[in-house]
1. Report the accessible area of A:L47, computed with a 1.4 Å probe over the heavy atoms of all protein chains in place, in Å² rounded to the nearest 10.
2. Using a basic spin-label model with each label point 7 Å from the Cα along Cα→Cβ, how many nm lie between A:T13 and A:S163?
3. Only Lys, Arg, Asp and Glu count, each charged at its Cβ (+1, +1, -1, -1), so figure out the dipole size of chain B about its Cα centre, rounded to 20 debye.
4. Can you pull the semi-axes for the range B:39-102, root of five times each eigenvalue of the Cα gyration tensor, sorted largest first, whole Å?
5. Please arrange B:D100, B:D161 by accessible surface area, largest first, computed with a 1.4 Å probe and ligands excluded.
6. I want to verify a result. In a Gaussian network model of chain B, Cα cutoff 10 Å, which of these has the top mean-square fluctuation: B:N15, B:N112, B:N67?
7. Kindly sort A:R200, B:R154, A:R153 by accessible area of their heavy atoms, largest first, with the probe set to 1.4 Å.
8. Take each of the peptides A:111-118, A:93-100, B:114-121, B:170-177, average the number of other beta-carbon atoms within 10 Å over its residues, and list them starting from the highest.
Amino acid sequence: MAKNKISLSKEFTKGLWNENPVLVMLLGLCPTLAVTSSAINGLAMGLAVIFTITCSSIIISSVRKIIPKEVRIPTFIIVIATFVTITDKSMAAFQPELHKSLGAFIPLIVVNCVILGRQEAFASKNNVGRSIIDALGMGVGFTLTLTVLGSIREWLGAGTIFSLQMMPDSFVPWMVMILPPGAFITLGLMIGVTNWINARKGK
Amino acid sequence: MTLFTIFIGAAIINNYVLVQFLGICPFVGVSKKIESSLSMGMATTFVMTLAATVTWLIYHFILTPLNLQFLQIVSFILVIASLVQLVEMFIKKVSKPLYDTLGIFLPLITTNCAIMGVALFLVMKEYTFIESIVFGFSAGVGFTLAIVLMAGIREELELADVPEHFRGAPITMIVAGCLALAFMGFAGMI
């Protein structure tokens, strides 16, 4: 029992750092780059992904034994697409502003490889409980990365974090940080620093 | 909007990879050699043009009359997946050499978010049938342009002295940032 508990917590924390979907496995880069022009957008995207990945994992892992192997990918995609539609429609209804600023990237969660990757690598081989923990861990890791990236870009590009003033008035915002080049460069530096920290830990 | 404006707009000004961040995965994954990136770009352009055509037809002749627009995500992804499968079988039958060149890249295209992006954008922007085809094709040209440029730079980068932990993906991202900076110069051209 105790042993099971430890591995469950490991199942959760691996998504946060060791197997972080964005920084280590380089999955789901498109939404990561596109929506992180502000911290709140990053967070919202992350939450939408947590919802989709967890619900899909629950469904996939509970029916994993009856899905024929040959058609598993289309099955996964249909399940994911269903939950993405739910997310898209509920967001449009309850958070129209946020939905507008995320634009096409909510429907595009369907092709986010983090989600499909987890279904293929984990949910289709493990029981429901474990799959939920794994999905939550990956989702939270994804959300944290997006929020941090969004915060850095918003901080340097507009002088605010979550719309709160974080820089003195004399600070001239680096416009480039909230434009596309800033996204590529910040993410590149974040991946590089992650590699560096992991290499130092390994020594 | 004229067709030419759509072409320039989708291929250069709103370049799919460098400005709209669609299709980053193949952009990072398949941009090591100019040759393979060119094949990837052409395969993507082909599927994108077809996908734009088919999704437009489905949206306007099936989903809209039946009032089923909320099914667009599910139906588009299905259409794209089966289209890629069909294209793969067709090319294999008709031209074996082309199939061998594109080989591994074809199935990968299903998960390329740029294709799904084209399908979603052409509905959002309410393009007509011809405009949609041009839009799909030019988005593909833009993708090819970006991935080939990147491959060219990465071939040179092999010889550069990059800090150990920044080799591979991190430096690719940073270079892409510089490329994106250059593409920003096109903004406001139309």
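The values are calculated or read from the model by the stated rules, or taken from the named source; none is laboratory data. All figures in this text were calculated on a predicted structure; none of them were measured in a lab. Backbone-built Cβ (ideal geometry, glycine too); neighbour counts: all protein chains shown. Please note that ligands, DNA and RNA were not included when accessible areas were found on the heavy atoms of the full protein model with its side chains. Shrake-Rupley method; radii C 1.70, N 1.55, O 1.52, S 1.80 Å.
1. 100
2. Distance between the two pseudo-spin positions: 3.6 nm.
3. The dipole of chain B has a size of about 360 debye.
4. In descending order the semi-axes read 28, 10, 9 Å.
5. Solvent-accessible surface, decreasing: B:D161, B:D100.
6. Per the Cα network of chain B with a 10 Å cutoff, B:N67 tops the list.
7. Ranked from most to least accessible, the order is A:R200, B:R154, A:R153.
8. Per-residue mean Cβ counts within 10 Å order the peptides as B:114-121, A:111-118, B:170-177, A:93-100.
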